[in-house]
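A.B. asks: Take this structure first; my questions come after.
Laboratory data are not the source of any read-out in this text; all were calculated from the coordinates shown. These numbers come from a predicted model, not from an experiment. FYI the Cβ positions are ideal-geometry reconstructions off the backbone, even for glycines, and counts take in every protein chain you see.
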Amino acid sequence: MRRGAIWAGAAVALLAAGCGSSGGGSSSATTAAGPSPPPWELHGTYAPKLDPADFVATIDNRWFPLVPGTTFHYAGVKDGARQTDDMAVTRQTRQVAGITATVVRDTVSQGGRVIERTYDWYAQDRQGNVWYLGEDSLERDKGKLVRASDSWETGVNGARPGIIVSGHPQPGDVYRQEYYPPGEALDQAHVLGLDAHQRVPAGSYGHLLATEEWSPVEPQMEQKFYAPGLGEVKEKVVAGGHEEFELVGVTHG
């Protein structure tokens, strides 16, 4: 999720164009295997250019600010099991493709036991786009946390960055969020609108950025909602599965 200087301006539009895609509405069709590919699905060559000089030290995107020391607490259900998800913005940084990225630790627990832990690497460019530069993902297997196959790092083994949230999202925008074919990390996003409303345990929020996400290697469609000045408040699988998480609180330390 990174943006080089040659992308100055409309990064999202260029991402879509560079992938040979066209914008469009969302798809609600489903099959036995999951939702049908949305009409906005991206295809073609994807080769974003990174320029470390185009990045800033602070991630203050309106929809996805990441202040070190902040932890977002979510609770929800996945496939009938209750889970919690704690997303901690650490004070650690990591150099990825010459860019200084903020390290975010995401921990999913079930029944008081950690079942997934991911270290995500984010950085913001001068246009306000928050780029996803990679992740070190761990999942429980035979009682131990082991590295997952979809772990990836920009510039390593063909992995390329994507945008988590753009600086100036507009309805209809389409962009890649991650691109690592060997590990099947191929998430894409489509902006639905900027005026959604959601009530979650942490409060009632309006004027939300609403997106839908899709991966051609996973049989589901997911919607996410971001509150201005706060970040993600809800995510829900709307086709191809049963999963929903809501923000229950935010702590600062």
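A.B. asks: Shape verdict for region 131-209, please, from the Cα gyration tensor: rounded (a/c under 1.5), prolate (a/b greater than b/c) or oblate.
C.D. replies: Cα axes put region 131-209 in the oblate bin.
A.B. asks: Can you compute the modelled spin-label distance between residue 207 and residue 92, with each label point 7 Å from Cα toward Cβ, in nm?
C.D. replies: It is 3.6 nm.
A.B. asks: Cut-off under 21 Å on the C-alpha distance; same-chain residues fewer than 8 positions from residue 78 excluded. Which lysines are left, in chain and number order?
C.D. replies: Hits, sequence-local ones excluded: 142, 144, 224, 234, 236.
A.B. asks: Further, regarding this structure: Can you give me the distance in nm between label points at residue 60 and residue 115, each placed 7 Å from the Cα along the Cα-to-Cβ direction?
C.D. replies: Simple spin-label model gives 3.9 nm for this pair.
A.B. asks: If you don't mind, there's one more thing I want to ask. Of the listed values (1) 0.93; (2) 1.13; (3) 1.04, grab the one calculated as Rg/Rh (Cα atoms, Kirkwood Rh) from the structure here.
C.D. replies: Checking each listed value against the structure points to (1).
A.B. asks: Here's something else I'd like to know. Using the Karplus equation 6.51 cos²θ - 1.76 cosθ + 1.60 (θ = phi - 60°), what ³J(HN,Hα) coupling, rounded to whole Hz, does each residue of region 196-201 give in order, writing x for Gly and Pro?
C.D. replies: The phi angles translate into 7, 10, 8, 10, 10, x Hz.
A.B. asks: Mind jotting down a quarter of the surface of the convex hull over the alpha carbons of region 35-118, in square nanometres, one decimal?
C.D. replies: About 8.7 nm², averaged over all directions.
A.B. asks: Translational diffusion coefficient, Stokes-Einstein: compute it for region 112-253 using the Kirkwood radius over C-alpha pairs as Rh, at 4 °C and 1.567 mPa s, and state it as an integer in µm² s⁻¹.
C.D. replies: 79 µm²/s
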